[in-house]
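Report on one structure; see the data block that follows.
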Amino acid sequence: MEWLIDFAKTPWVRTLAGLIILDIILGVAAALKRGEFDWAKLSQFYRTMILPMGLGFGIVALVAPWLVSDLLGEYSSLLSNALKTLAWAVLVRELGASILGHFKEIFGVVPESPDERLPEWEGMEQSKKRS
């Protein structure tokens, strides 16, 4: 059981937990702002989004090292870390998109990206004209 506690202390899991908590808080705030908060929808969100994402990442992170060790030998840690990183990145992207959506719904704007403050280059200006 100690391996589970060690796994829960990893930066990957802590980051996901923080993003999930932030997503829930902003989601509840957005629902309250709309006047549509419902405990049933919160539990549905947990069952349909949080539980599958968390279990999926946990399974990939815990099982990947054993699956690839027989196949790749000394290179197994490389593939195992790549699989865990990919699973983690997908979850961070999904949670990030949800958080930004809630943020926009609550405050009407999305926080500025650092890239938007950089000077534009000619190719970027042309692509903006097309869209």
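The values are calculated or read from the model by the stated rules, or taken from the named source; none is laboratory data. Keep in mind that what you see is a predicted model, and the values were worked out from it rather than measured. Cβ placement follows ideal geometry from the backbone for every residue including glycine, while neighbour counts extend to all protein chains displayed.
Some notes on this structure:
- Scanning the stretch 17-59 for residues that are assigned to a helix (DSSP H, G or I) and either small (Gly, Ala, Ser) or in contact with a strand residue (DSSP E or B) (Cβ under 7 Å, 6 or more places away or on another chain) (or both) returns Ala17, Gly18, Gly27, Ala29, Ala30, Ala31, Ala40, Ser43, Gly54, Gly56, Gly58.
- Residues being closer than 21 Å to Ala8 by Cα, crowded, with 17+ Cβ neighbours inside 10 Å and not aromatic (Phe, Trp, Tyr) - total across the stretch 84-103: 4
- For the stretch 21-46, a residue qualifies if it is in contact with a Phe, Trp or Tyr (Cβ under 7 Å, 6 or more places away or on another chain) and of a type in the set (Val, Ile, Thr), and exactly one does: Val28.
- Of all the criteria given as (1) of a type in the set (A, V, I, L, M, F, W, C); (2) over 23 Å from Val110 (Cα atoms); (3) surrounded by fewer than 16 Cβ atoms within 10 Å (Cβ to Cβ), the one not satisfied by Ala64 is (3).
- Scanning the stretch 42-60 for residues that are among the hydrophobic types (A, V, I, L, M, F, W, C) and exposed (fewer than 11 other Cβ atoms within 10 Å of the Cβ) yields a total of 1.
- Condition met for Phe7 (at negative phi, surrounded by 11 or more Cβ atoms within 10 Å (Cβ to Cβ), outside any helix (DSSP H, G or I) and aromatic (Phe, Trp, Tyr)): no
- Count of residues meeting criterion [within 17 Å of Glu105 (Cα to Cα) and surrounded by 11 or more Cβ atoms within 10 Å (Cβ to Cβ)] in the stretch 20-41: 13
- Selection from the stretch 29-75 of residues that are in contact with a helix residue (DSSP H, G or I) (Cβ under 9 Å, 6 or more places away or on another chain), among the aromatic types (Phe, Trp, Tyr) and modelled with pLDDT of 85 or more: Phe37
- Any hit, the stretch 109-129, residues being among the basic types (Lys, Arg) and either at pLDDT 80 or above or within 30 Å of Pro52 (Cα to Cα) (or both): no
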